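Beneath this line is the structure, given in structure tokens, with notes to follow.
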Amino acid sequence: MIEHTLDTESGILHLHPKSALQESDFLELASVVDPYLESHGEIKGVIVDAPGFPGWDSFGAMAAHFRFVRDHHRRIRKIAIVTDAHLGDVAEKLGSHFISATVKHFPAGHAAEAERWILGV
């Protein structure tokens, strides 16, 4: 399950994975993100605030996650991974090879710093 909020004023999508990711999580995210992209063209950034990566509840959920990334990464400028898990380092290094967005890892509890990085302030 992913809790999410899209701050339409700043153009930042906040994601908080709470339990194993489900296929429906990505359908719900697309239903929020796609209309915003239609009217604004891009998302300035995504903040993934997660103590650890909860995994997927099924192969279908993993496939939905990859499809969501494939379909949206070109219209997202920056992705901040806020976690103390090693996933943050891996995501930062691998992200630059597979997605258009700039990916940066921040320690857990530094979501405000991540937001400032996205906004360039």
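Yes/no matrix, rows are residues, columns are (1) touching a strand residue (DSSP E or B) at 6+ places or on another chain (Cβ under 6 Å); (2) at pLDDT 85 or above:
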{"position": "Phe66", "(1), (2)": "no, yes"}
{"position": "His72", "(1), (2)": "no, yes"}
{"position": "Lys78", "(1), (2)": "yes, yes"}
{"position": "Thr83", "(1), (2)": "no, yes"}
{"position": "Gly88", "(1), (2)": "yes, no"}
{"position": "Gly95", "(1), (2)": "yes, no"}
{"position": "Val121", "(1), (2)": "no, no"}
Write out, first by first residue and then by second, each pair whose Cβ atoms fall under 8 Å of each other, whose residues are 6+ apart or on separate chains, and whose first residue, in region 11-23, is over 10 Å from Gly52 (Cα atoms) while the second is in a strand (DSSP E or B) and of a type in the set (S, T, N, Q).
Leu13/Thr5; His14/Thr5
From Glu38, Glu3, Glu28, Glu9, grab the single residue that is closer than 19 Å to Val121 by Cα and among the charged types (D, E, K, R).
Glu9
Return only the number of the condition from (1) surrounded by 14 or more Cβ atoms within 10 Å (Cβ to Cβ); (2) modelled with pLDDT under 95; (3) in contact with a Ser or Thr (Cβ under 8 Å, 6 or more places away or on another chain) that Leu21 does not satisfy.
(3)
When Gly109 is run through (1) assigned to a helix (DSSP H, G or I); (2) at pLDDT 90 or above, the failure sits at (1)
Cβ pairs under 7 Å, 6+ apart or interchain, first in region 52-69 and outside any loop (DSSP other than H, G, I, E, B), second charged (D, E, K, R), ordered by first then second residue, are Gly60/Glu23; Ala61/Glu23; Ala64/Glu23
Would you check if Ser39 is within 17 Å of Met1 (Cβ to Cβ) and among the hydroxyl-bearing types (Ser, Thr, Tyr)?
no
Contact list, first residue from region 109-121 and under 11 Å from Ile47 (Cβ atoms) and among the charged types (D, E, K, R), second anywhere and at pLDDT below 95 and loosely packed, with under 13 Cβ neighbours inside 10 Å, beta-carbon distance below 8 Å, six or more apart or interchain, is none
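The values are calculated or read from the model by the stated rules, or taken from the named source; none is laboratory data. Owing to the predicted nature of the structure, the values given are computational and were not obtained by experimental measurement. Please note: Cβ atoms are built from the backbone with ideal geometry, for glycine as well, and neighbour counts cover all protein chains shown.
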